[in-house]
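The values are calculated or read from the model by the stated rules, or taken from the named source; none is laboratory data. Predicted model, so just to flag it, every value in this text is computed and none were measured. Neighbour counts are summed over all protein chains in view; Cβ atoms, including those assigned to glycine, are modelled from backbone coordinates with ideal geometry.
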Amino acid sequence: MNEQTAAPVASLRDVGLRHRKVRALDAVTLDIPAGCMVGLIGPDGVGKSSLLSLIAGAHALQTGRIDVLGGDMASARHRRHVCPRIAYMPQGLGRNLYPTLSVAENIDFFASLFGQRQAERRRRIEELTRATGLAPFLARPAGKLSGGMRQKLGLCCALVHDPDLLILDEPTTGIDPLSRRQFWELIARIRASRPGMSVVVATATMEEAARFDWLVAMDAGRVVATGTVPDLLARTGAATLEAAFIALLPQERRRQHRPVVIAPRDGEGVDAIEAQHLTMRFGDFVAVDDASFHIHQGEIFGFVGSNGCGKTTTMKMITGLLPATAGEARLFGQKLDPQDLATRRRVGYMSQGFSLYSELTVRQNLELHARLFGLPAESIAARVAAVAQRFELTSIMDVLPRALPLGQRQRLSLAVAMVHAPAVLILDEPTSGVDPIARDAFWRTLIDLSRKDGVTIFISTHFMNEAERCDRVALMHAGKVLASDTPAALAARRGVRTVEEAFIAWLEEADGSANPPPPPPPEQAAARRAMARLFEPRRMASQARRETLELLRDPIRALAAVLGSVMLMVIFAYGITMDVEHLTFAVLDRDQTTASQSYILNIEGSRYFTERAPIRDYAQLDRRMQAGGLALALEIPPGFGRDIARGRPVQIGAWVDGSMPARADMVAGYVEALHAQWLGIVGGPASPVNVAIRFRYNPNVLSVVAMVPAILPLLLLLIPSMLTALSVVREKELGSIVNFYVTPTTRLEFLLGKQIPYVVLAMLNFTVLTLLAVAWFGVPLKGSVAALFAGALLYVVAATAMGQLMSSFMKSQVAAIFGTAIVTLIPAIEFSGFIDPVSSLRGFEAFIGRIYPTTHFLTISRGTFAKALGFPDLSSAFLALALAVPVLIGLCAILLRKQEA
Amino acid sequence: MRLANILNLGVKELRSLLRDPIMLVLIAYTFTVAIYSAASALPETLNNAAIGIVDEDRSALSQRIVAAFYPPYFSTPRLITPAQMDTGLDEGSLTFALDIPPDFQSDVLAGHKPDIQLNVDATRVSQAFTGAGYIQTIIDTEVTAFLRRYRALAAPPVDLALRMRFNPNLNKSWFGSVIELINQVTLLSMILTGAALIREREHGTIEHLLVMPVTPFEIMASKIWSMALVVLAATAFSLLVVVHGLIGAPIRGSVALFLAGALVNLFSTTALGIMLATLARSMPQFALLTILVIMPLEILSGGSTPRESMPQLVQAVMLLAPTTHFVALAQAILFRGAGFSVVWPHFAALIGIGTVLSGLAMARFRKAIAEMG
């Protein structure tokens, strides 16, 4: 072990941090020694993760000063300089990995961010996966790995650039004990081969922390003690680190704590739950494989295993949530039938994580569940009160759960599961994330329920010390139950002291694997290239490649990207048509002479009108117009032919359905024109002038010819901008944005890299849309194809940049979608000349219209399609688009932060 | 028991909605501001149309014609040269260009019936047709009035008495507000029910429901009734207060009949919302899917453009969409005062479509729940 003689690897002075109103860190002053393994200990929510993300440079410093590897982390220049020497693995199983990318693709992406060449990347992938035992799974998507494997992959990605400081945030939470042991062995071997490397680890598990060189104990945003393990034990006079930690807590917190005492159970009960050969397959994945065990009435039965080993699935089969693929479960001797709702009343279930309605108060949650379980209405109030009393919720009955601390929420979940007084309680990892004091309190309640009320409790956990508290446990791994017995008997069967050691022994047997071979010492520690360059095309290319892979593997986004625009083009072209044709009309002809026939024929002969059966009387006229069957009704008066011949004035009645004003306008125009035409035929007065109308560019005034070039700019804006709007903010929600924060990737590389795939897709869409326009809709492309293509390219770059602009500062995907819809739809449709030319707009609208990219591409699109124009005629539109691109991308780069704020 | 579950779960949905400020704002916005602004912003077919005039005559008559174009239908005419006419049309800054030839006035007075050339940018179809008609009428009127000072003209022997039924002044905001209301009913009912399901899944509460003595059918039915109730109440409010009260659109038929129609339409659209929510894995995916589904439903349903102008195939396919029938039914009742005897076929169609859609949604929902394990 290195002595703490060297300068500290990180030193913090008065560091404070707030997340909105919550104080996460409070004046932390700390020197973390270099070259050794440092543990940050304390339960969830005490500020360990905040501290680590500050040290890693992922989170922006608010108050105080942090020096890491000899420089101030507040300086962007220093961060850029040292980030290739730091590796950061955030909390959550593989939260910074890309779940749809394979193991090899993940490592390759991280390696490429650090400027490694292809040959070197390949060598490192091989080395690292061999060392971690991931070599056989190179092609498997990260999302389909078990928790332990995911953590190993995270470690591979962190170690790919030979860091001097390795920061691990709860790396072993939720993984099985064998994987955990292998993980620490791996770290030990890596440290042996790179002695200078400092490792800082946060953990909530005290047994794990006992093996570290130096510890920092934290509580409520403060450091309560630092020192080596013997130091801390000596100072508190405690036997175990867990006891020492509780002794270090402030007085009033300590007082709430009472040790868990397990009362003995009297006698063997009958079997409450019996599982026989339960099997669950999802496709070709076997989640649970032939699991058999039985649980006595009134006992606490523990289900121990890593995340994803099949515990939850087994529990769901027993609750009837999932029908088993094979095998059967019995509840009190009766075969479980998922369709039989009565058995559900005998079971209380508490699912993993907090899953009550956070929008309902504590009381409303309890009452809702009581009602759904069919408790008699008159007994509900009393039952809710009793449960509230028992689980100490009386004082918080009208509070919303999200305002409660985790421990109280846990009690509420338990109260909800118990509201219908079930005989069996199934609890899926109820204590993960809860601090040791609250956890012990929770266990006291469970023991009480089991011993006093005779409730059978089936609990799953990945904490080994909780396994020791159960009456009997089943060890589960990869869908199989390895063994099931009392904790003492399990340890005795393997000749070891604890359940954990016994479990490891069974796991090794099950995996049939010894430890993976030690990694060859990385002699050729790659000379670091100048990583501080501001723009590195290769890093941009690797961002682009990753974004493409992820997009193609997300079916809904890929579908929207590839087919969305084409589908909308067809819909718009057919739907927004201005050709009003085949209008229905009918005539009430009271004359029935050749004159009236010629009038009707004149109308019917035009392409605008289609005649329907004649109208018999006014009542029928009313009814048919009401039903919407007639756009126009005509009445020709009796004696029409005779009066015309005699030169007497006559009047034809025409009723137009005015419920659709635009259509009514058209109908009125057509009827008047046809009337005038008919008058001309029968010799009426002529107009004194001849207005010669030339419909330019579109002589037949076909809607589709006019609409398609106008829709094209809309479509190339709507969907591409929506997709890029999700690109950055999606990573913020999923957590992988942290890789941008802590790697040398610059903003421009990140933004452009993400944008490129969408630009390429949009150009593909553009090509398909143009072909569709010409070949399917028959819109002639009269002008310069090159100009249209160049304009489209500039335009889609601007359009995708607009989506990214939203994405770069919004915090959630839904907000980004809304925001993008607002900044694209209205300006593009109302202000860009789609409906009214920009020249007819005034004030603010005109200003937006003049600077909005759609305006200019609309000019290019209409110009090249219909007006036979080329580059010289459209130069001002090109200039405007060429200006918009750098402005928008520049804005994105300014608004995107390189650290979490 | 079952009905009680559906009722209790539905009340839970309503309580959840009450505590979701974003959704509440969205509902309030779509049923008030959005409808009002859509109604008032609906463009007239001719609105400040850009017109340029080449006056090569410079006579009293040509000046009279120039002066006859003014806002709001036309922008004040730009006097241009013949060369500017082509560039203006090419750039799109002019939609209409009128060329009054030399000696126009003297030719008119001499009864030579001179040509006057009107160039129209026909890539703006909506304005081109109506605008050309207006311009023709304006020129005719001006020339006729000018001539009347010199000689008498005969009145036409056959007169056409053109009357607009149901909306005598062709007030576009009446039409726009009702169409917007119809669109919002579809949009909101899909988003609300879909989001209610996705929210349960994202918060993990759906599992919780499923271990209770509650069937998937009850869960789905509770979401449908509660969200349909919200949309229906908002629709009634919006129709009476915003559309009728603020915008002043007359309601000719029975409001109750219209709401009954909205209800049967909601039967289909909420089922559609559930279906999309089972296909999407997250809110953003749901939003993308909704955009792709709602666009054709709204645009091709006959609300914004008349169905008869669409190709036969599109018309036939769209008969399967609930919105087509809802638009037809709403227009008939609200604008034309039709009664049940007239609109019953649309009711029947909506009930049929709704039954099929909710059957499909139910099947998808059960399957999705099984996959969620």
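Tabulated values for the structure
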| quantity | calculated |
| --- | --- |
| Within region A:229-253, tally of residues that are more than 17 Å from A:ARG439 (Cα to Cα) and small (Gly, Ala, Ser) | 4 |
| Flag if B:ALA161 is more than 25 Å from the chain's Cα centre (by Cα) and more than 7 Å from chain A (Cβ to nearest Cβ) | no |
| Checking A:VAL708 against (1) surrounded by 21 or more Cβ atoms within 10 Å (Cβ to Cβ); (2) within 30 Å of A:ALA58 (Cα to Cα); (3) more than 9 Å from chain B (Cβ to nearest Cβ), the condition it does not meet | (2) |
| Meets criteria (under 35 Å from the mean Cα position of the chain (by Cα) and at pLDDT below 85) for A:LEU825 | yes |
| Members of region A:662-704 that are under 30 Å from A:PRO780 (Cα atoms), more than 7 Å from every other protein chain (Cβ to nearest Cβ) and touching a residue at least 24 places away in the same chain (Cβ under 8 Å) | A:MET666, A:VAL667, A:TYR670, A:LEU702, A:VAL704 |
| Among (1) under 29 Å from A:ARG730 (Cα atoms); (2) at pLDDT below 90; (3) not hydroxyl-bearing (Ser, Thr, Tyr) - the single one A:VAL797 does not satisfy | (2) |
| Residue in region A:169-178 that is assigned to a helix (DSSP H, G or I) and more than 28 Å from the chain's Cα centre (by Cα) present | yes |
| Looking only at region B:298-327, and only at residues there that are modelled with pLDDT under 90 and crowded, with 24+ Cβ neighbours inside 10 Å, the one that is nearest to the other protein chains (Cβ to nearest Cβ) | B:LEU300 |
| Residue match in region B:195-208 (condition: touching a Pro at 6+ places or on another chain (Cβ under 6 Å), touching a residue at least 60 places away in the same chain (Cβ under 8 Å), surrounded by fewer than 23 Cβ atoms within 10 Å (Cβ to Cβ) and farther than 30 Å from A:ILE711 by Cα) | no |
| Every residue from region A:641-661 that is touching a residue at least 12 places away in the same chain (Cβ under 8 Å) and at the interface with chain B (Cβ under 8 Å from one of its Cβ atoms) | A:ILE644, A:VAL650, A:GLN651, A:ILE652, A:GLY653, A:ALA654, A:TRP655, A:VAL656, A:ASP657, A:SER659 |
| From the options A:THR724, A:THR770, residue that is more than 30 Å from B:ILE116 (Cβ to Cβ), in the same structural domain as A:GLN813 (by TED's automatic domain parsing), among the hydroxyl-bearing types (Ser, Thr, Tyr) and free of Cβ contacts under 8 Å to residues at least 60 places away in the same chain | A:THR770 |
| Number of the condition not met by A:VAL691 [criteria: (1) in contact with a helix residue (DSSP H, G or I) (Cβ under 6 Å, 6 or more places away or on another chain); (2) assigned to a loop (DSSP other than H, G, I, E, B)] | (2) |
| Flag if A:ASP219 is crowded, with 16+ Cβ neighbours inside 10 Å and of a type in the set (Asp, Glu) | yes |
| Those strands (runs of 3 or more DSSP E) lying entirely in region A:213-287 with at least 2 residues in the same structural domain as A:SER198 (by TED's automatic domain parsing) | A:214-219, A:222-227 |
| In region B:96-151, residue farthest from B:PRO77 (Cα to Cα) [restricted to those that are in a loop (DSSP other than H, G, I, E, B) and facing chain A (nearest Cβ under 8 Å)] | B:GLY111 |
| Number of the condition not met by A:GLN116 [criteria: (1) touching a Leu at 6+ places or on another chain (Cβ under 9 Å); (2) over 30 Å from A:ASP14 (Cα atoms)] | (1) |
| Filter result (within 12 Å of chain B (Cβ to nearest Cβ), touching a residue at least 24 places away in the same chain (Cβ under 8 Å) and more than 38 Å from the chain's Cα centre (by Cα)) within region A:840-876 | A:ARG862, A:GLY863, A:THR864, A:PHE865, A:ALA866, A:LYS867, A:ALA868, A:LEU869, A:GLY870, A:LEU874 |
| Helices (runs of 4 or more DSSP H) (entirely within region A:290-395) containing at least 1 residues that are acidic (Asp, Glu) | A:362-372, A:377-390 |
| Total residues in region A:695-734, condition of a type outside the set (Ser, Thr, Tyr) and at pLDDT 85 or above | 22 |
| Filter pass, B:THR205 being more than 21 Å from A:PRO401 (Cβ to Cβ), assigned by TED's automatic domain parsing to the domain that holds B:ALA38 and of a type outside the set (A, V, I, L, M) | no |
| Only one of A:GLY70, A:GLY64, A:GLY42 that is within 13 Å of A:ILE86 (Cα to Cα), more than 25 Å from the chain's Cα centre (by Cα) and either modelled with pLDDT under 90 or among the small types (Gly, Ala, Ser) (or both) | A:GLY70 |
| Those residues of region B:111-126 which are under 19 Å from B:GLY52 (Cβ atoms), of a type in the set (Val, Ile, Thr) and touching a Leu at 6+ places or on another chain (Cβ under 8 Å), in sequence order | B:ILE116 |
| Some residue of region A:819-831 being in the same structural domain as A:LEU716 (by TED's automatic domain parsing), outside any helix (DSSP H, G or I) and buried (at least 17 other Cβ atoms within 10 Å of the Cβ) | no |
| All positions within region B:248-279 that are farther than 25 Å from B:ILE353 by Cβ and buried (at least 20 other Cβ atoms within 10 Å of the Cβ) | B:ALA249 |
| Count - residues of region B:334-354 that are closer than 23 Å to B:ALA228 by Cβ and either without any contact (Cβ under 8 Å) to a residue 12 or more places away in the chain or not in a helix (DSSP H, G or I) (or both) | 4 |
| Selected residue (only one of A:ALA595, A:ALA654, A:ALA662 is surrounded by 15 or more Cβ atoms within 10 Å (Cβ to Cβ) and under 53 Å from the mean Cα position of the chain (by Cα)) | A:ALA662 |
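Condition check ((1) in contact with a Phe, Trp or Tyr (Cβ under 6 Å, 6 or more places away or on another chain); (2) within 26 Å of B:GLY194 (Cα to Cα); (3) small (Gly, Ala, Ser)) across all residues:
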residue	(1), (2), (3)
B:LEU7	no, yes, no
B:ALA49	yes, no, yes
B:ILE53	no, no, no
B:LEU61	yes, no, no
B:THR87	no, no, no
B:LEU98	no, no, no
B:SER106	no, no, yes
B:ALA110	no, no, yes
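Residues are listed down the side, and each one gets a yes or a no for (1) touching a residue at least 60 places away in the same chain (Cβ under 8 Å); (2) surrounded by fewer than 16 Cβ atoms within 10 Å (Cβ to Cβ); (3) within 12 Å of chain B (Cβ to nearest Cβ):
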| residue | (1), (2), (3) |
| --- | --- |
| A:VAL580 | yes, no, yes |
| A:TYR608 | yes, no, yes |
| A:ALA613 | no, yes, no |
| A:ALA631 | no, no, yes |
